[in-house]
1. Within the stretch 1-26, can you find the residues that are over 21 Å from residue 71 (Cβ atoms) and of a type in the set (Gly, Ala, Ser)?
2. In the stretch 1-32, which residues are free of Cβ contacts under 8 Å to residues at least 24 places away in the same chain, farther than 17 Å from residue 72 by Cα and under 12 Å from the mean Cα position of the chain (by Cα)?
3. What number of residues within the stretch 50-80 satisfy the criterion of being modelled with pLDDT of 90 or more and either touching a His at 6+ places or on another chain (Cβ under 6 Å) or not small (Gly, Ala, Ser) (or both)?
4. Enumerate the strands (runs of 3 or more DSSP E) found wholly within the chain, keeping only those where 2 or more residues are basic (Lys, Arg) and exposed (fewer than 11 other Cβ atoms within 10 Å of the Cβ).
5. Would you be able to tell me the number of residues in the stretch 1-28 that are in contact with an Asp or Glu (Cβ under 7 Å, 6 or more places away or on another chain) and of a type in the set (A, V, I, L, M)?
Amino acid sequence: MKPAPPGVGRTVAHFDLQLTDDVRLFGFKLVTGSGGQYVVHAANIHGIKAATFTRELHQQITRAAAQAWSKISNDERDAA
C-alpha cells in the first residue's frame with residue numbers, strides 16, 4: 001500500500017490485491033468517503049470499471065485495506 005501523493009482529492013492510498021493464488025488485481029484506491037469512512041475503488045480503464053465485486057466481497061476488501069492503512073505510520077503517510 002502506497003500513500004497517495006498530495007492533491008489527489010479524497011484518495012489516501014493506492015494498492016494491489018492478491019485475490020487468490022491465480023488472480024492479482026492492480027490499481028485499487030482507498031478513498032475517504034462521506035462520514036470519514038473508507039471506500040475502495042477498483043481501477044478503471046478509460047473511465048470503465050476494470051472489475052466489480054459483490055457487496056460482501058467489496059466490504060471485505062474495504063475492511064482489509066482500511067486495516068492495512070491504519071498500520072502505516074504517519075511518517076510514512078507524510079513521505080508520499
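The values are calculated or read from the model by the stated rules, or taken from the named source; none is laboratory data. As the structure is a computational prediction, the values presented were derived from the model and not from experiment. Neighbour counts are summed over all protein chains in view; Cβ atoms, including those assigned to glycine, are modelled from backbone coordinates with ideal geometry.
1. Selection gives 7, 9.
2. Taking the stretch 1-32 as the starting set, the residues that turn out to be free of Cβ contacts under 8 Å to residues at least 24 places away in the same chain are 7-11, 14, 16, 18-24, 26-27, 31-32.
Subsequent filtering for residues that are farther than 17 Å from residue 72 by Cα retains 7-10, 18-24, 26-27.
10, 26, 27, listed by residue number.
3. Number satisfying all stated conditions: 14.
4. Numbers: elements: 11-18, 24-32, 38-41.
Of the strands (runs of 3 or more DSSP E) lying wholly inside the chain, none has at least 2 residues that are basic (Lys, Arg) and exposed (fewer than 11 other Cβ atoms within 10 Å of the Cβ).
5. Number of matching residues: 1.
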